[in-house]
Amino acid sequence: MTETVTHPEVLTHPEKRGIELIGDSERHGRARGLFPVWAAPSVSVLSLTVGASLILLGLELWQAFAVIIAANLLWILVGVVAISGPAAGTSGSVVTRAIYGIRGNKVIVAFYGWFISAVFLALNWLAASFMGAELLARAGFTHPVLGPVVITIVVAAVTVLVAVYGHNLILRIYPVVASVLLLIFLLVTFFILPHVNWDYAPAESLHGLPLWSSVTIGFAILASNPLSFSNSPDMARYLPRSTKASSIVAATALGGMLPGIFFTSVGALLATGIDAAAMELGIESALLAMLPVWLGPIFVAGVIINTISLNGMTTYTASMAFQSIGIPIRRIPSAVVVGVIGTALTIYLVTSTSFLEAVNLMLQLLILISGPTMAIFATDVILRRNRYNGAELFDERPGGPFWFTAGWNLPGMAAVTLGASTAALFLNSGLFTGPLSAAMGNVDLSVPVALIVTSAVYVLWTRLAPTRPAPQVRVAEDALA
C-alpha cells in the first residue's frame with residue numbers, strides 16, 4: 001500500500017519520514033546542493049590511506065595517479081543511480097523492487113544493507129579511532145584498547161544523532177562541513193608536501209604480470225568506494241521531479257570524484273616520504289609526525305568530523321533499508337540498531353588489526369557485493385530511461401507490477417548472483433585469491449568482471465523475458481535530458 005506522509009522539515013526536530021513517498025508539494029532544492037553532500041564525506045583520511053597503499057603495492061607515482069583517476073570515474077555510476085530518487089520519490093532500497101521483485105528485494109537489501117552499512121561504518125569509525133588514539137598517546141594516555149574504544153563509542157553516538165535528524169540537517173550543514181574539512185585537509189597537504197620525495201622510484205620497477213597485479217589490486221581497492229554508494233537516490237529524492245537528470249549526475253559524481261582524486265593523490269605522495277618501517281607502525285602515526293604540534297589536534301578533529309558526516313549519511317540510508325524489507329521498525333530506532341552493529345564491528349577491528357590492513361581487506365571484499373548491485377541498478381535506470389512509478393513500487397500484492405515470478409525477478413537475482421560469483425574467481429585479496437586470478441599471475445579483474453557480467457546478464461535476460469512489467473510513466477518524457 002502506498003503511503004504518502006507530510007512531515008515538516010524543521011532543522012531542530014528529528015526527521016520522521018522513512019521510505020514513504022514524497023509528494024510534489026514537498027519537493028525542494030536544486031541539484032547543485034548534492035555537490036557538498038558528497039564532497040564532505042570524500043574529504044577523508046581514508047583517501048590518504050588508500051593512496052599510500054598504492055605506493056606500497058610498488059607502483060610509480062604516475063601509475064598511481066592513473067589508477068586513482070580511472071577508479072574515481074566510477075562516481076558517474078553513483079550519479080546515474082541518484083536520478084531514480086526524484087523520479088520515484090522514495091528510497092533507493094524501494095526503487096530496487098523493480099529490479100529484484102518484492103521478495104527478492106528483501107533478500108538483497110537485507111544482506112546488502114546490513115553488510116555494506118556495517119563495514120563502511122566500521123572503516124570510517126576505525127579511522128577516527130586510530131587517529132584519536134594516536135593523539136591521546138602523545139598526550140600520555142597510552143592504553144592500546146581503551147582509547148580507541150572510547151573514541152569509537154563517542155563518535156558513533158554523534159553519528160547516529162545526525163542520522164536521526166536526517167535529510168534536512170544533512171543538506172543544511174554539509175556545505176559548511178565540506179568547507180571546513182577542505183580547509184583542514186589543505187593545511188595538512190601543505191605540511192605533507194615538503195616531505196614528498198618527488199624523485200621517488202620503487203626499489204624495483206614492476207613490469208608484466210606483477211605490474212598488472214598491483215595496478216588491478218589498487219584499482220579494486222579504490223573502486224570499492226564509489227561502487228558502494230548505491231544509496232545516492234536517498235539523498236536526491238526530495239528534489240523536484242522536473243530536476244534535470246544531467247544536473248543530478250554531475251553534482252553527485254563531481255562531489256565525490258574531485259576531492260577523491262585530489263586527496264588520494266596526496267596520499268600517494270605522502271607514502272613517498274615515509275619509510276617502510278614507519279608504515280608498518282601505522283600511517284596515522286607517520287602522518288601526525290609530519291604535522292606541527294598545533295595542527296595535530298585540528299587534523300584529528302577533521303578526521304572525526306569527516307567520519308561523522310560520512311557515517312551519518314550511511315546510517316540514515318541504512319535505517320530506511322531496514323524499513324523497505326518489511327522489518328516493523330520506525331526509521332529512528334532503526335538508525336540506532338545500525339549504529340550498534342557498526343560500533344561492534346569497529347571495536348572488533350580496533351582490537352585485532354592495523355588500520356591499513358583493515359581498509360585494504362574490507363574494501364576489496366566489498367567489491368563482490370557493491371560491484372554487481374551498483375552495475376544492475378545503473379543498468380536498470382538506463383533500460384527504463386529512469387521511468388519509475390513510486391505508487392506501483394509500494395504495491396506488494398501478488399500479481400502487482402513488480403511481483404514478477406512469486407515475488408522474485410529472476411533476471412535481477414540471476415544477474416547479481418552470477419556477477420558476484422564470477423567476480424570472486426578473479427579477486428585477489430589478502431584473505432582470498434580466486435583461481436582465475438591466480439592462473440593469471442594474481443591479476444585482479446574483479447571490478448570489470450562484476451560490472452560487465454552483471455549488466456550483460458541483466459540486459460540479455462530482460463530483453464528475452466516476455467513477462468517483464470512495463471510501468472506506467474509518471475515522469476516527464478525528457479527525464480533523462
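The values are calculated or read from the model by the stated rules, or taken from the named source; none is laboratory data. The model shown is predicted, which means the values in this text are computed figures rather than measured ones. Positions of Cβ are generated from backbone atoms using ideal geometry, with glycine treated the same way; all protein chains shown enter the neighbour counts.
Residue count for region 174-183, restricted to those that are closer than 15 Å to Leu310 by Cβ and more than 20 Å from the chain's Cα centre (by Cα): 1. Please count how many residues of region 180-209 are within 19 Å of Ser47 (Cα to Cα), without any contact (Cβ under 8 Å) to a residue 60 or more places away in the chain and of a type outside the set (A, V, I, L, M). Matching residues across region 180-209 total 1. Go through region 275-322 and give me each residue that's assigned to a loop (DSSP other than H, G, I, E, B), modelled with pLDDT under 80 and touching a helix residue (DSSP H, G or I) at 6+ places or on another chain (Cβ under 8 Å). Scanning region 275-322 gives a single hit, Gly282.
Can you tell me which residue in region 209-242 is nearest to Ser429 (Cα to Cα), limited to those that are in a loop (DSSP other than H, G, I, E, B), under 17 Å from the mean Cα position of the chain (by Cα) and among the small types (Gly, Ala, Ser)?
Ser228
Residues of region 435-455 that are buried (at least 22 other Cβ atoms within 10 Å of the Cβ) and not in a helix (DSSP H, G or I): Asp444, Leu445. Scanning region 17-36 for residues that are touching a Gly at 6+ places or on another chain (Cβ under 9 Å) and among the basic types (Lys, Arg), we see that the one that is surrounded by the most Cβ atoms within 10 Å (Cβ to Cβ) is Arg17.
Of the residues Leu135, Leu121, Leu186, Leu126, the single one that is in contact with a Leu (Cβ under 9 Å, 6 or more places away or on another chain), surrounded by fewer than 21 Cβ atoms within 10 Å (Cβ to Cβ) and part of a helix (DSSP H, G or I) is Leu135.
Residue check: is Pro175 under 23 Å from Phe262 (Cα atoms) and free of Cβ contacts under 8 Å to residues at least 40 places away in the same chain? Spelling it out, it is not the case that Pro175 is under 23 Å from Phe262 (Cα atoms) and free of Cβ contacts under 8 Å to residues at least 40 places away in the same chain.
Restricting attention to region 140-178, the residues that are small (Gly, Ala, Ser), under 30 Å from Ile19 (Cα atoms) and surrounded by fewer than 19 Cβ atoms within 10 Å (Cβ to Cβ) total 1.
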